[in-house]
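First the structure, in the form of C-alpha cells, and then the observations on it.
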Amino acid sequence: MAVLVDEKTKVLVQGITGNQGRFHTQRMLEYGTRVVAGTSPGKGGVEVEGVPVYDTVEAAVEKHGANASVLFVPAPFVKDAACEAIAAGLSPVVVVAEHVPLHDAMEVVAFARERGAVVIGPNTYGICTAGKTKLGIPPNQVFHPGPVGVVARSGTLSYEIVDSLSRAGLGQTTVVGIGGDRVVGLSFVDMLKRFEKDPETRAVVMVGEIGGTAEEEAAEYIKQMTKPVVAYIAGRSAPPGRRMGHAGAIIERGRGSFESKVRALREAGAQVAELPWEVAPLVAAALG
Amino acid sequence: MKLYEYMAKAVLREAGLPVPPGRLCRTPAEAEAACRELGPVAVKAQVLVGGRGKAGGIRLADDPAAAREAAAAILGMDLKGYTVEQVYCESRLSIEKELYVGIAVDAQGKRPVVITSASGGMDIEDVPEKAIVRMPVALPWGLMGFQARELARRVGLAGELASQYAGVVEKLWQVFRAKDAELVEVNPLAVVEGRLVCADARLNVDDDALFRHPELPRVSEATELESRVRELGLAFVQLDGDIAVMANGAGITMGTLDVIQHFGGRPMNFLDAGGGSAAGPTAKALEILVQTRPKAILINIFGGITRCDEVAKAIVEVKRRVGIPMPLVVRLVGTNEEAGRAMLEAEGVQAFRTMEEAARRVVELAGEGRGA
C-alpha cells in the first residue's frame, strides 16, 4: 500500500525539455518512477532521457495513458499547465514551481475541486512513496521503506527529519510536501486522512511552520485519529510581521504563531518535538 | 508589496471608487500650498505600518499655516521604526458613521473572502467577532451583485446608502482581481453627508504577480543590506542578534534559527541560500554576511539538490579572497559530502555532521566572542 502514488503510477512530466525538467526526469527515472511521457508546447516529437515528448497533455495521455503529472513549468505558466493536466483527468498534479501568483493558485485549486483532482503544491518538493516512486525534486538517497507517513510544508526540513528517521531505522510509507505557499491544493488534513486509512502507515510525522492556520485545522482532525502523530513546528524564533522565506511563513496580526500551533496539537493528543532531532525518538517510542 | 495610502487611493480612484481629493507633500511648504488649494485638510504620514493615528502621524489643519506646521511636525518623525518622508494632505471629512470593508485571501478556504463590519475606524482585529460579516467568494465566478447587496443588508444599510455600498464592494472586488491583490481594505468606509467615501485605504499586491503589473508603482520595505542579498536571488531577512546564519531551504533555515535560540544564542539574520544553490551566489552571500561583522557564522547545509562540494568551494573561496575573521561553524551532509568535507578540512574549517553539534558550537563561540 501507499498513499496517492505507487510503482504503478504512470507519470507525465510537463515542461520536460527545460533544464529542471530534464534533470529531474533523469533523477525520477533513476528512482524507479514510471515516467511515460513529457510535454512541451512546440517541441512535440523529440525525446528527453528516452521519454517521448508531446505538444499537449491530451496527446500524451491518449498515447501513454498517464494518470499523474509533475510540472517543471515556470511560475507564470503554471495556471495554464496545471489546468491542462486537471482537464485531462490527471491526479495528483504536482506543482514544483515557487512564486506562482496567488490568484492563479486559487483558480487552479478551484478547478481541481470541481474536477475532483488532487493538486500538490505550488512550491513543493513533491511526493515520494519510499522505494516505489517519486514525483518531484527530493534527493533519492534519503527515503527508505517503512511504517512512517510524513507530511510537511517545507523541503529541506523534511529531508533533515526523514534522514534522522531513516538513521533510527524508521522507514517511510509516503513522504509529501504540501508546499510553502499560502494557498496550496492538498492540505495537512487531506493527507492525515489518507495516512489514517493506509494500512501500512503506523505513525505520522507532521512538519509544520508558523503562519496561517493549517496546523490548527490539522489538530482538529488529529483528535479523531487512531494512529500516533508526532509534530515539529519551525519558526519559533521568527519575529511577527516578517516573512521568513515561505510565502506562508509570517505571523500576521497575531495569527499563526508557534505557541497557538503547539497548544492546538498538544491538546489534540499529538506529541510535539521541540527540536528537529527529537522527532525520531518520539516516533520510535510511539511505535513501541 | 504594500502600497502607501496615497498610491492605494490612486488605484481606487481610477477604478471609480469615491476617494477624497488629496496631494502628496514632501515639505511643509508643499503642505501649505495643498491646504490653500483644498481647504481644511488632514495631514497624514505615509508609512507602511498601521496605527499611525494613535502614534501621532495624523494631524488636522484648518488653514495653510496650520498645515505647514502639522507637516513640519510629522515629516522626519519616527513611526514604529519608519522615518516619515512624505505626508498626504487630504480634504477634511465630517464623518457621520464609519464602516469597514476588506477583501483578503482565506488560506483555509483557498479562496477570496469579503470581510465587512458596521463598526469601522478601528483595527478589524479589535472588532468583536459578532460584529464581523464574512462572505467567501467562489472562483472563477467572482463576487456577484446579489452578494454585494446581501452584504449591505448584513451591515445594516438600506436605501440609497445600501446601493452605494454594494457599488463600493463590487468595485473593490474588481481592484482585488485586476491588481492581483492579497488585500484591499477600506477602513473607515465613511458616511459623509449621506455619501460613502473611502477615508483610508490599504492595497497589498502579490509580489509573485508584479511581473504582470508594470502599471503599478514599486515599493520596497527591504533594508539596504536585504536588497543587496535579495539581488543575488536569495531570501534574506535581518534580525537583531549576533550569529549570522545561512542554510538551504526556508524551513531548515527557520529551524536553524530556532535551534540557535534554543541553545541561548541570538540569530542575526535569516538567509535561505535555496535548493541547488551554486558556488557563485553562495560565496557572494557569505561575503556579505562577513561584512556585517557577526560574532560567529553558522552554515547549515543538508544537501539534496545542493551539492556539498559546491558549498565548500564557496566557503574556501571567500576564506582565501577576503578572509573570515570570526569563528565559522559548518554543518555539511548530503550529496558529495565527503568531497566537501575534505576541502574544508584542508583549509582548517571543521565540518559537523549534525545540526545539534553545529548549533551548540556556534552559540559557544559567539558567547566567547561577546566576552572578548
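The values are calculated or read from the model by the stated rules, or taken from the named source; none is laboratory data. From a predicted model like this one, the values you see are computed outputs, not experimental measurements. Cβ: placed from backbone, ideal geometry, glycine included. Neighbour counts: every protein chain shown. Side chains included, ligands, DNA and RNA excluded: accessible areas come from the protein's heavy atoms. Shrake-Rupley method; radii C 1.70, N 1.55, O 1.52, S 1.80 Å.
Quick check on residue B:223: is it over 23 Å from residue A:250 (Cβ atoms) and either of a type in the set (Val, Ile, Thr) or in contact with a Cys (Cβ under 7 Å, 6 or more places away or on another chain) (or both)?
No: the conditions fail for residue B:223.
What are the pairs with Cβ atoms under 8 angstrom where one residue, in region A:173-186, is within 8 Å of residue A:126 (Cα to Cα) and the other, located anywhere, is surrounded by fewer than 24 Cβ atoms within 10 Å (Cβ to Cβ) and not acidic (Asp, Glu)? Sequence gap at least six, or different chains.
A:176/A:3; A:176/A:4; A:178/A:187; A:178/A:214
Give region A:212-240 a look and list any residue that's in contact with a Lys or Arg (Cβ under 8 Å, 6 or more places away or on another chain) and within 12 Å of chain B (Cβ to nearest Cβ), or say none.
A:212, A:213, A:214, A:215, A:216, A:233
Would you say residue A:285 is closer than 27 Å to residue A:163 by Cβ and free of Cβ contacts under 8 Å to residues at least 24 places away in the same chain?
In short, yes.
Does residue A:131 fit the bill of being touching a His at 6+ places or on another chain (Cβ under 8 Å) and over 29 Å from residue B:206 (Cα atoms)?
yes
Just checking, how many residues over region B:206-237 are of a type outside the set (A, V, I, L, M, F, W, C), facing chain A (nearest Cβ under 9 Å) and touching a helix residue (DSSP H, G or I) at 6+ places or on another chain (Cβ under 8 Å)?
Total satisfying the criteria: 3.
Give me the pairs, please: first residue somewhere in region B:351-362 and within 18 Å of residue B:338 (Cα to Cα), second residue anywhere and of a type in the set (Ser, Thr, Tyr), beta-carbon distance under 9 Å, and either six or more positions apart or on two chains.
Short answer, once both residue conditions are applied: B:354/A:164; B:355/B:256; B:358/B:256.
Among helices (runs of 4 or more DSSP H) lying entirely in region A:177-288, which contain 2 or more residues that are out of contact with any helix residue (DSSP H, G or I) (no Cβ under 6 Å at 6 or more places or on another chain) and among the small types (Gly, Ala, Ser)?
Qualifying helices (runs of 4 or more DSSP H): A:279-287.
Which ones in region B:7-52 are part of a helix (DSSP H, G or I), under 17 Å from residue B:66 (Cβ atoms) and open to solvent by less than 20 Å² (accessible area, probe 1.4 Å)?
Within region B:7-52, B:31, B:34, B:35 qualify.
State yes or no: is residue B:36 at pLDDT 95 or above and over 27 Å from the mean Cα position of the chain (by Cα)?
yes
Of all residues in region A:186-229, how many are buried (at least 23 other Cβ atoms within 10 Å of the Cβ) and over 17 Å from the mean Cα position of the chain (by Cα)?
7
Let's see how each residue does on (1) closer than 21 Å to residue B:6 by Cβ; (2) at pLDDT 95 or above; (3) surrounded by 17 or more Cβ atoms within 10 Å (Cβ to Cβ):
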site	(1), (2), (3)
B:162	no, yes, yes
B:182	yes, yes, yes
B:189	yes, yes, yes
B:207	yes, no, no
